[in-house]
1. For the range 294-311, give me each residue that is within 15 Å of residue 402 (Cα to Cα) and either out of contact with any Ser or Thr (no Cβ under 6 Å at 6 or more places or on another chain) or in the same structural domain as residue 203 (by TED's automatic domain parsing) (or both).
2. Of all residues in the range 439-488, how many are in contact (Cβ under 8 Å) with a residue 40 or more places away in the chain and surrounded by 13 or more Cβ atoms within 10 Å (Cβ to Cβ)?
3. Please specify each residue of the range 252-275 satisfying the condition of being part of a helix (DSSP H, G or I) and touching a residue at least 40 places away in the same chain (Cβ under 8 Å).
4. Given the criterion within 29 Å of residue 176 (Cα to Cα), among the hydrophobic types (A, V, I, L, M, F, W, C) and in the same structural domain as residue 374 (by TED's automatic domain parsing), identify the matching residue among 227, 276.
5. Return the total of residues in the range 20-34 being surrounded by fewer than 18 Cβ atoms within 10 Å (Cβ to Cβ) and of a type in the set (Ser, Thr, Tyr).
6. Every residue in the range 142-172 that is within 25 Å of residue 70 (Cβ to Cβ) and under 28 Å from the mean Cα position of the chain (by Cα), please.
7. Tell me, yes or no, whether the range 58-65 has at least one residue that is of a type in the set (Asp, Glu), assigned by TED's automatic domain parsing to the domain that holds residue 205, part of a loop (DSSP other than H, G, I, E, B) and on the phi < 0 side of the Ramachandran plot.
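The values are calculated or read from the model by the stated rules, or taken from the named source; none is laboratory data. What you see is a predicted model; the values in this text were computed from it and never measured. Every residue, glycine as well, gets a Cβ built from its backbone with ideal geometry; the counts of neighbours run over all protein chains shown.
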Amino acid sequence: MKKILYIPLDERPCNYVYPQHLVNTRNDVQLIFPPREILGNKKEAADVDRLWEFVFANASKVEGIVLSVETLVYGGLLPSRLHHLSNNDREKRMAMFRQLRALSKVTPIYASCLIMRTPKFNTSDEEPDYYELYGRKLFRRAYLQDKKQRVGLDEQEANELTQANDYIPKTCINDYESRRRFNVRVTLHLLELVDEGVIDFLSIPQDDSSIFGYTASDQEIVYSRIVEKRLQSKVLVYPGADEAGCTLITRMLNKLLDRKPSIYYFYSSTIAPTIVPLHEDRPMNESVKAHLLASGCEVASMPEAADFILAINAPGKFMEEAVNQTTKDITYSSFRQLGFFVEQIQKWVQSGKPVVIADSAFANGGDQELTQYLDDYQILEHLLSFKGWNTNCNTLGTSIAAGVFGFDRQNQSEIKKHVLYHILDDVFYQSQVRKRITDELLPALNANYFDLNDQDHVVEQEIQQQIMEAYKGMIKKSFRNMVISELKVYTPWSRMFEIGLELNIINE
């Protein structure tokens, strides 16, 4: 039994539960992770000292270590955007990584550290309070400044930049930028640790990235240092965030099993490889390459030579949000052919080849038309994985991870359960139920998308009921031998963006 020590990015299901889903599909690996009570709660930072105690107490009991720097330095993802740590705090916490290496001299240590995001909208749900008033302007100001330096601005853009500089209080700009500089220094310090051999592999995902702006500027600083120190084989920078734990656990599994799984991937549309997804800064195909490298896999030139198939459902020409798919652009039909895509999947499934579907046609939810196709072709319960949540790279990273953990089918019942989990969450909740409840129920509860007004139980019950109604309404030919005996919904941050599911299945 291979044991992996894991410190998650935060306490949400995507970071705390999804990695457990992975290991549950195998019989030869165990995840050692901290109890929920010492992790944080949204903007409330985790107990960093206790987490390091947990790491040191378990380091000698495992064959591999996977760490989130956000959690072990700042106390979690959101605290990394809100902290007021001093330089002494930073040095003290960074020294812990060297202490861990001294304790675990030969144990591989993998870590992830995000380039801090810059949302394009006004909300303080995950950002400092002033982001409620100035978030969009902060994003645009940095976007235009970076664009001005790199390619230049037209007259309208130059005027917008001047207005943003006049509109945003200097105190807000200084607070935001000082924290970003601090966080970049942490990342540069991590590169020193990689160079010294303290950390064996470092992933640097970019959360909510854009072609220009703060994230791009920070990436340029970080990547220049990577090149300067010739660390390209030990450090990868790419879009993502909440899939990072699954990706590094997957890389660790491959390391411990001394293998490099081979993956054949294909898309549902012709120009998909060149499409830049929403919330990301590069074409889809570049992200596929990065995630395959980060997870310790290689590309198969032919499907017959692959350990599993990665089928990527993509937009036809450009990506839209999942909630808008009932009025989606015509290019979702004219620039892609779902029937051909699904028949290819069916062919491989019937031949016994494991297939993983990364449903990246829309942002923030699964493709309902694809789900109907898969149900009609009776493919769903024969998939190795189906995921279509949040961003393209969130979906992509967890899909590759599920394929790597499951392609030898050690625990088929858990694999099927997790396919069903993501059908319920990604396709029905994220694409349908979430907006309907936000629009119709929350106003009556004096609640909103970001604050359920202590009505979590009422909202959770309604979500649960509507998910089941949607499931029974769409899924007609699949999972006939699987009965959902219990479905419990919970809202980990008392908001609508994400849910967790407790799902019990009876196999008839």
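1. The answer is 296, 297, 308, 309, 310, 311.
2. Final tally of qualifying residues: 16.
3. The initial filter retains those residues of the range 252-275 that are part of a helix (DSSP H, G or I), namely 252-256, 272-274.
Hits for the range 252-275 are 252, 253, 254, 255, 256, 272.
4. On the way: 227 fails: in the same structural domain as residue 374 (by TED's automatic domain parsing).
Within the list 227, 276, the selection yields 276.
5. 0
6. Across the range 142-172, the qualifying residues are 142, 143, 146.
7. Going residue by residue through the range 58-65, those that are of a type in the set (Asp, Glu) are 63.
When the remaining residues are screened for being assigned by TED's automatic domain parsing to the domain that holds residue 205, the result is 63.
Now narrow it down to the ones that are part of a loop (DSSP other than H, G, I, E, B): 63.
Add one more test, that the residue is on the phi < 0 side of the Ramachandran plot, and what stays is 63.
Yes; the residues of the range 58-65 include at least one that is of a type in the set (Asp, Glu), assigned by TED's automatic domain parsing to the domain that holds residue 205, part of a loop (DSSP other than H, G, I, E, B) and on the phi < 0 side of the Ramachandran plot.
Conditions tested, residue by residue: (1) of a type in the set (Val, Ile, Thr); (2) on the phi < 0 side of the Ramachandran plot; (3) surrounded by fewer than 20 Cβ atoms within 10 Å (Cβ to Cβ).
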| site | (1), (2), (3) |
| --- | --- |
| 176 | no, yes, no |
| 183 | no, yes, no |
| 187 | yes, yes, no |
| 192 | no, yes, yes |
| 195 | no, yes, yes |
| 202 | no, yes, no |
| 208 | no, no, no |
| 213 | no, no, no |
| 216 | no, yes, no |
